[in-house]
Amino acid sequence: MELEKAHNWTDFDKLTTVPYNKDRQFVGIEYPGIVKNVDKALATLGGIENIEQVYAKANKRVDLHFQPGNLFCKPAFAERTTSTCLLMKVKRRRRKGEKSWENCQFKVEVLGSIETMYTFNSMADFQYLPIVKGSNGNMEQIHDKIVFNTFMDRNEFLDRDVPVFLPPVIFSRFDYPDKAYLYRDGVNHKPGYVNPDKDRPANLIGTVRERRKIFTVFMNFNDKIPQKPQEEVITNLRLKYNEPEREKELAQLFEERPVWSRLALNHNYTGKLDKLKYLLPMFAFYYLNGPWRCMWVKFGYDPRAHPEAKAYQVVDYRARQNSPADIVGVALKRSPNIIAFPAMKRKNASVAKIDLITPRQQTADSPSTSDQHEEPAHVYVPERLPPCRQMFYFVLCVLGTSPCVCTREVTSVSTNVLFCFVCFRNQPMCMYPRGYLRVDKCFILFCVF
C-alpha cells in the first residue's frame, strides 16, 4: 500500500505517517453520557479547578453531580486508574457532490498519551430531590425556598410556608451493587471454600467470605499454660509461610528470653516483619491481661511460677489527650480516622505516624555526641520522652537489674520537663494484676519551665 506524507489528507485504504508528541500527556475522564456542551459537562464535574484538585491527590475520586446547583443531588464517583491510551484527532472529508462517506479522506494526528483515566464504574446513591406536588396538581421545585441563596432575615426565612423536607444524608452505604444483580463478576474463591451462608436461614443475610482461622493462643492470667502448639496449627501456618531458617532464628530468640513484646521482636528479628505473624503462634502464646499482658510468652514457660519473670512485667505508660503531653510533643501512634461520606478518598491506609522500630531522632536542641548510643524506641531511656501516647515497657528496662525499690526523677534535656516518678516494691507471691511487684507510687508529672 502506498505511504503518504505526514499530516496530509489520505484515502481510507492507504497508510500514512502520523505525528506524535511523546512529551505531551493528558488526563482522561470517561464521561457517562453524550457530551454536546463541554462547558455544561465540566460544570457537572465541578469545573476545571475541582478536577485539578482531585488529580493532585491520588486517593481522591472525581464526583459528578447531575444537577450542579442542587445540594440534594447525590453524585456518582469515578475511580482513578492507569491506562495506556493515545489521544487522537481525526478529520474526514468527502468530495463535492458525493453523499456517501465510503470514499472519503482522513487526516490523523496523535495529540499525546493518556496515562491516568477516571472511570465511572460505581453507582450513585438513591436520588430524593426537593420536589413536591403543588396545589394545582403539578410538581414544583422547592430547592430555592429551603436553601439560602441570598442574605435575608432569619425570621423571614423561618416564617416561610414551605413543606418539611428532611431527607437522610445517605441512603446506601455502598456504591457497588451486589453481585446478584450481575453488574460485576463473581468473587473467585480458593479451593476448599465453604460458603458460610449455606446453612443460614433464608431471612438472614450474611457474608460471603469464609470465617478466618485464628491460630494464636490467647491466655488470661489464671488459665493453664499450654506446653506446645497443636500440630494442625503448625501445618496450616507453614502452608502460608515456610522458612526453616527464620523458624530457627525465632526459636533462638525465645531461648535467650522467654517473654517478648512485639516491638522488641520487630527490633531483634532480622526477617520480614509482615511474616512474623505466621511464626509467632508456633513458639509462643499471647497474654490478654495481668502483669504480662500484650506479651508473647514461650510455650511451656509459666511466668507465675518463676519469680525472675518479674523483670518482664509490663509498665503501661499513657498520656491522655488534652494533657501536658500535647505541649511537650508526645504524638499519637496512628493518624486520626477521618469519617466522611461520600467517601472521597480511596486507598487511605492506616499508616503509623511513628516508627517504633528505629530510634527516635534527636531535635536540634538535644545534645548529640559521636559516641552516644541510640536505644530503640521500645527501650526506656530516662533522658528521652516516650515516642507515643501509650507504650509498654518492661520493668527490667525501667528499673534496671534489681527492681526492688526504685525512685526516678528525670529531667528531659530537650524540653525541660520533669518526666516521671515510679516506686515499686517486691511481694512474695504472684498476684493479679500486679504480679510480683506492688506499685507504691506511680505518676507522671509534666512541668514545662
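So in segment 3-119, what percent of DSSP beta bridges are antiparallel if you round to the nearest 5?
Details: 18 of 27 bridges.
Of the beta bridges lying entirely in segment 3-119, close to 65 percent run antiparallel.
Residue-normalised convex hull volume from the C-alpha trace of segment 218-305: 93 Å³ per residue. Close amide H contacts of residue 299 (hydrogens built in the peptide plane, cut-off under 5 Å, sequence separation of 5 or more or a different chain): 284, 285. Relative contact order, whole percent, for segment 218-305 stands at 47, derived from Cα pairs under 8 Å and 6 or more residues apart. Spin-label pair residue 235-residue 429: with each label point 7 Å from Cα along the Cα-Cβ axis, the two points sit 4.3 nm from one another.
Think of each Lys and Arg Cβ as +1 and each Asp and Glu Cβ as -1; about the Cα centre, that makes the dipole of segment 3-119 roughly 420 debye.
Each listed q (0.17, 0.20 Å⁻¹) maps to a log10 I(q)/I(0) for segment 3-119, found by the Debye formula over equal Cα scatterers with no solvent: -0.93, -1.07. For residue 110, the residues whose modelled amide H falls within less than 5 Å of its own, excluding neighbours fewer than 5 places apart on the same chain, are 89.
Estimated at 0.36 nm per residue, the fully extended path between residue 256 and residue 96 surpasses their Cα-Cα distance by 48.3 nm. Take 67-80, 121-134 and order them by the average number of nearby Cβ atoms within 10 Å per residue, most first; the result is 67-80, 121-134. Couplings 3J(HN,Hα) of segment 264-272, computed from phi: 5, 5, 4, 7, 9, 7, 9, x, 6 Hz, in residue order, whole Hz [Karplus 6.51 cos²θ - 1.76 cosθ + 1.60, θ = phi - 60°; x for Gly and Pro].
List the pairs from 22/99; 60/133; 22/91 whose alpha-carbon separation is above 31 Å, in the order I gave them. As for pairs spanning more than 31 Å Cα to Cα, those are 22/99; 60/133. The relative contact order of segment 3-119 comes to 36 percent, based on Cα pairs under 8 Å that sit 6 or more residues apart. Reported to the nearest whole Å, the Cα centre-to-centre distance from segment 209-267 to segment 54-116 is 54.
Bear in mind these aren't lab numbers, they're just calculated from the coordinates by the rules spelled out. None of these values were measured; they are calculated from a predicted model. No Cβ is skipped: glycine too gets one built from the backbone with ideal geometry, and neighbour counts run over all protein chains shown.
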